[in-house]
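Have a look at the structure below before the remarks.
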Amino acid sequence: MQLLPIKTRIINPPQDDLFEVFDEYLTDVQEGDVVLVSSKIVAISEGRCIKGDDVDKDALVRDEAVFLIERDYWKSPITVMHNAFIGTSGIDESNTGGYLVFLPEDPFASAKGIHAYLKKRFTLQNVGVIITDSHSQPMRFGASGISVGFWGVAPIKDCRGETDLFGREMKIETANIIDGLAAGATVVMGEVAECQPVVIARDVPDLVFTEEDMKDQLFVAFEEDTFRVLYEKYLK
């Protein structure tokens, strides 16, 4: 598998043309590729930005969050967006020129639009799109990548029924392909001034391509979430 970074010009808030950027810099997308795109440049293209001067960011964070968990030992609450713990409700002010950039309003719709563009432009049958963001995880230093939306590819590889090296049948094992790719691509994208907000994942094994909305295959219902004890009392 290869992760191929695409260097672009700066995508400027408060709004820029994402597809114009793709037209110029995204020149070689092949059958079976997965194109990973930073949520920030998608949000900028959708105008999801406000000037940061004299804005109460904490109030925005609280208003934007699906739900939040207060913590008196830290300056801001833990926030949940798009079925993931994402800091400050995904509102970002790095590499924004003084603006606050929100997450895309509907990352799955955004991914679907990029998917249609790629299929048409490069005459493809099978291509995937993942919109990525960074988040921190409990008991770990450092940020890693996660998907906030995707289209064109199934997110989960079901390993149940397969046998391991010693012939033991897998009973519950499934592999999260989408977030694995997002984590790898975010390493390649970088976090500071790399200006590589797009990554092509090529020769990814075990992909299943689809035209259907597959979010329900990735997002766990509350009743089935083995980690719900960590957050259930904070739900709105």
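For Lys157, a cut-off of 22 angstrom between C-alpha atoms picks up these lysines, skipping any fewer than 8 places away in its own chain: Lys112, Lys171, Lys215.
For the chain, the Cβ-based charge dipole about the Cα centre amounts to some 260 debye (Lys, Arg positive; Asp, Glu negative; other atoms uncharged). Local charge for Phe22 was computed over the other residues whose Cβ lies under 14 Å away, with Lys and Arg +1 and Asp and Glu -1, and equals -2.
Most tightly packed first, judged by the mean number of other beta-carbon atoms within 10 Å of their residues, the peptides 64-75, 123-134, 174-185 read 123-134, 174-185, 64-75. Descending by average beta-carbon neighbour count within 10 Å, the peptides 195-208, 40-53 line up as 40-53, 195-208, the highest first.
Label zone (Gln2, point 7 Å along Cα-to-C-beta; backbone nitrogen cut-off 13 Å) within the range 200-230: 200-204.
Contact order, relative form, for the range 1-52: 52 percent (alpha carbon pairs under 8 Å, 6 or more residues apart, mean separation divided by residue count). Across the range 124-132, rounded Karplus estimates of 3J(HN,Hα) from the backbone phi angles (6.51 cos²θ - 1.76 cosθ + 1.60, θ = phi - 60°) give 10, 9, 10, 7, x, 10, 10, 9, 10 Hz, Gly and Pro being marked x.
Listed from fewest to most Cβ neighbours within 10 Å, the set Ser136, Ser147 follows the order Ser136, Ser147. Between Asp28 and Thr210, what FRET efficiency comes out of the Förster formula 1/(1 + (r/R0)^6) with R0 = 25 Å and r the beta carbon distance, rounded to 0.05? Using R0 = 25 Å, I get an efficiency of 0.60. Listing His135, His115 from fewest to most neighbouring C-beta atoms within 10 Å gives His135, His115. Compared with the alpha-carbon gap, the fully stretched path from Phe166 to Met139 is longer by 6.5 nm at 0.36 nm per residue. Remark: the chain is approximated by an ellipsoid whose semi-axes, taken from the C-alpha gyration tensor as √(5λ), come to 28, 26, 15 Å, largest first. Helical content of the chain, expressed as a calculated mean residue ellipticity at 222 nm, amounts to -7000 deg cm²/dmol (DSSP H runs of 4 or more residues, -39,500 (n - 2.57) each, divided by residue number, nearest 500).
Beyond 19 Å, how much of the Cα-Cα pair distribution for the range 118-236 remains, as a whole percent? The proportion of pairs with Cα distances above 19 Å equals 60 percent. Restricting to bridges with both residues inside the range 1-144, how much of the DSSP beta-bridge set is antiparallel, in percent to the nearest 5? Bridges in the range 1-144 that DSSP calls antiparallel: roughly 70 percent. Between the residues Leu165, Asn176, Ala43, the greatest Cα displacement towards the positive end of the dipole of the chain, with unit charges on the Cβ of Lys, Arg, Asp and Glu, is found for Leu165.
In the range 39-130, taking the dipole from charged Cβ atoms about the Cα centre, the farthest positive-side position among Thr123, Ile91, Ile78 is held by Thr123.
Couplings for the range 201-216, taken from phi via the Karplus curve 6.51 cos²θ - 1.76 cosθ + 1.60 with θ = phi - 60°, read 9, 10, 6, 7, x, 6, 7, 10, 8, 7, 9, 8, 6, 10, 4, 5 Hz in order; Gly and Pro are left as x.
Neighbour counts of other Cβ atoms within 10 Å put Leu3, Leu103 in the fewest-to-most order Leu3, Leu103. A simple count of charges around Asn83, restricted to other residues whose Cβ falls under 13 Å of its Cβ and scoring Lys, Arg +1 and Asp, Glu -1, yields -3.
Any read-out appearing in this document is the output of simple, stated calculations on the displayed coordinates, not a laboratory observation. Owing to the predicted nature of the structure, the values given are computational and were not obtained by experimental measurement. Don't worry about glycine lacking a Cβ; one is built from the backbone with ideal geometry, like all the others, and counts go over all protein chains shown.
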